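Accompanying notes for the structure given below.
Bear in mind that the values in this text are calculations on the coordinates, not laboratory data. Computed from a predicted structure; not experimentally measured. Because the Cβ atoms are built from the backbone with ideal geometry, glycine has one as well, and the counts that use them run over all protein chains shown.
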Amino acid sequence: QVQLVESGGGMVQAGGSLRLSCAASGSGFSRYAMGWYRQAPGKQRDMVGVIISSGTTRYADSVKGRFTISRDNAKNTVYLQMNSLKPEDTAVYYCAADPTNHLSWSSWGQGTQVTVSS
């Protein structure tokens, strides 16, 4: 299975920005679909954004226009750029991988905490 390591979480003020990174194992990274999810206490784990192997992206309505997902295949890394952060963005953020590129997530990272203060 794909091994994933998230980094870049932390505490920021509302309106600020943060960039998360997810480093993946495997020589076939460029063929993977990759996703970012988040989970706040007492809430379900929700999709934040996905990027498929072609580079096409999709976002949850709650973050569209504020967050951007991108990938650097040479570095086996996916990024989540988060701008105009709101307190409701506070959550543990997870990256996920699907080597089949069908958005059936088979691997998950350990998560990184993002806290946005008002």
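General remarks:
- Considering only 15, 55, 42, the mean-square fluctuation computed in a Gaussian network model of the chain, springs between alpha carbons under 10 angstrom, is largest for 42.
- GNM top mover of 60, 74, 23 - the chain, alpha-carbon springs below 10 Å: 74
- Those residues of segment 1-18 whose amide nitrogen sits under 19 Å from the label point placed on residue 75, 7 Å along Cα→Cβ: 3-10, 17-18
- Largest GNM mean-square fluctuation among 57, 77, 100, using the chain with Cα springs under 10 Å: 100.
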